[in-house]
Amino acid sequence: MHTADMLKAFAPYREDAIVVPGRGGRYWTDLTTRPNLDVPVGDPAMGGHAGFALGLALARPEKRVILFDSEGDILMSLGMLVTIAEQQPANFYHFLIDNGCYATTGGQPVPNAENTNYDAIARGAGYPRAFAFRELEKFSAALPEIFGKPGPVFVAVKVAPEIEKAPIGRRRRWQTRTRDQVIKDLRKELGVNR
Amino acid sequence: MKAEPSLRLVGVSREGHACSIAAGLSVAGAKPLILIQNTGMMESGDSLRGWLLGLNIPVVLMVGYRGWTRHGVNQDTAATYTERFLMAFGINYYLVENDADAPRISIAFEEAERTNKPVVVLVGDEYHGFNR
């Protein structure tokens with residue numbers, strides 16, 4: 001499964017949710033129909049996407065928050081799963097894009113990449129629902145069930161690695177807005193005055 | 001804190017998590033406050049950089065100043081590096097040692113809002129709660 005295909009399958013279920021695209025951002029930018037509800041903040045500090053998305057979800061319980069996390073981020077912050085499980089945000093949908101490697105730094109393998117069951121870790125941390133998929137068809141078929149019940153839910157998706165080997169300065173610049181603009185647009189959409 | 005209806009307590013297992021959670025809360029319109037110890041603040045360096053300074057998050061961090069002493073020789077490296085750490089990150093801070101210093105906490109909140117930056121309150125009496 002490729003990340004872009006996984007995000008294409010998800011797109012019809014987005015509705016008016018806040019989407020934190022994480023490391024799927026470079027594909028999501030071509031698929032989104034509500035860019036002002038997207039929060040592509042890049043990579044402020046590895047391991048923090050889940051906490052950031054949790055903060056959004058707790059601040060806006062009436063709004064679904066959908067996060068596309070990575071296994072590298074999750075491994076840096078396993079304890080965050082326990083915090084999310086304790087908070088039980090019903091509006092929080094936690095997807096994991098698992099490519100088994102550190103794609104932006106040359107494709108170094110993630111430790112024990114082929115033998116780690118992230119859905120089991122999430123379940124053990126206290127997530128009431130957790131899924132794992134390797135095939136696009138099964139993932140696509142399960143989306144109504146995933147979004148048919150409240151969160152928090154964890155969805156681990158194994159994808160093919162797409163390693164970026166070009167120097168950072170020569171990579172495609174898919175982000176069209178600065179972080180400040182992303183936050184400004186989201187706040188405007190949410191009616192937050194700052 | 002759990003019993004106070006105006007607060008929502010979000011427990012974390014690592015202090016850097018508090019930074020990213022606070023960033024999300026602030027971006028979506030809530031008002032976070034971070035309560036940690038200086039050891040955890042130093043562990044949080046990259047999260048402070050990326051999530052709080054990088055996203056211009058106005059938040060106060062109340063930081064227990066482990067090892068702080070005004071009356072003797074410091075014997076705790078947690079205290080040795082605390083203010084050096086904050087200076088390296090360019091984060092402003094206020095020391096609170098007793099009840100008379102409490103107005104500094106309000107100053108920290110006002111400064112965070114005005115500058116859109118994290119501001120630290122170092123609590124120089126973390127075990128006694130000002131009740132010596």
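Summary of values
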| item | result |
| --- | --- |
| Test: residue in the stretch A:129-139 that is closer than 16 Å to residue A:70 by Cβ, in a helix (DSSP H, G or I) and not charged (D, E, K, R) | no |
| Answer residue from the stretch A:165-194, given it is of a type outside the set (Lys, Arg) and within 21 Å of residue A:8 (Cα to Cα) and is nearest to the other protein chains (Cβ to nearest Cβ) among those | A:175 |
| Residue in the stretch B:77-93 that is modelled with pLDDT of 95 or more and within 14 Å of chain A (Cβ to nearest Cβ) present | yes |
| Conditions (1) assigned to a strand (DSSP E or B); (2) touching a Phe, Trp or Tyr at 6+ places or on another chain (Cβ under 6 Å); number of the one not met by residue A:69 | (2) |
| Selected residue (criterion: surrounded by the fewest Cβ atoms within 10 Å (Cβ to Cβ)) from residues of the stretch A:169-182 that are free of Cβ contacts under 8 Å to residues at least 24 places away in the same chain and not basic (Lys, Arg) | A:169 |
| Selection status of residue A:113, in a loop (DSSP other than H, G, I, E, B), surrounded by fewer than 23 Cβ atoms within 10 Å (Cβ to Cβ) and in contact (Cβ under 8 Å) with a residue 40 or more places away in the chain | yes |
| Extreme residue, farthest from residue A:157 (Cα to Cα), among residues of the stretch A:82-101 that are away from chain B (no Cβ under 13 Å) and of a type in the set (A, V, I, L, M) | A:90 |
| Any hit, the stretch A:60-83, residues being more than 21 Å from residue A:127 (Cβ to Cβ), crowded, with 19+ Cβ neighbours inside 10 Å and out of contact with any strand residue (DSSP E or B) (no Cβ under 9 Å at 6 or more places or on another chain) | no |
| Tally of residues being small (Gly, Ala, Ser) and in a loop (DSSP other than H, G, I, E, B) across the stretch B:84-124 | 3 |
| Hits in the stretch B:5-33 (condition: more than 10 Å from chain A (Cβ to nearest Cβ), farther than 20 Å from residue B:84 by Cα and under 14 Å from the mean Cα position of the chain (by Cα)) | B:33 |
| Single match in A:25, A:79, A:42, A:51 (criterion: within 14 Å of chain B (Cβ to nearest Cβ), part of a helix (DSSP H, G or I) and closer than 26 Å to residue A:188 by Cβ) | A:51 |
| Residue list for the stretch B:34-46, filter: surrounded by fewer than 18 Cβ atoms within 10 Å (Cβ to Cβ), at the interface with chain A (Cβ under 10 Å from one of its Cβ atoms) and without any contact (Cβ under 8 Å) to a residue 40 or more places away in the chain | B:46 |
| Selection count where residues are part of a helix (DSSP H, G or I), of a type outside the set (Val, Ile, Thr) and under 15 Å from residue B:121 (Cβ atoms), scope the stretch B:49-83 | 2 |
| Residue B:96 being facing another protein chain (nearest Cβ under 8 Å) and either more than 29 Å from residue A:187 (Cα to Cα) or buried (at least 20 other Cβ atoms within 10 Å of the Cβ) (or both) | no |
| Meets criteria (modelled with pLDDT of 95 or more, within 11 Å of the chain's Cα centre (by Cα), closer than 16 Å to residue A:127 by Cβ and within 9 Å of another protein chain (Cβ to nearest Cβ)) for residue A:57 | no |
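The values are calculated or read from the model by the stated rules, or taken from the named source; none is laboratory data. Predicted model, so just to flag it, every value in this text is computed and none were measured. Because the Cβ atoms are built from the backbone with ideal geometry, glycine has one as well, and the counts that use them run over all protein chains shown.
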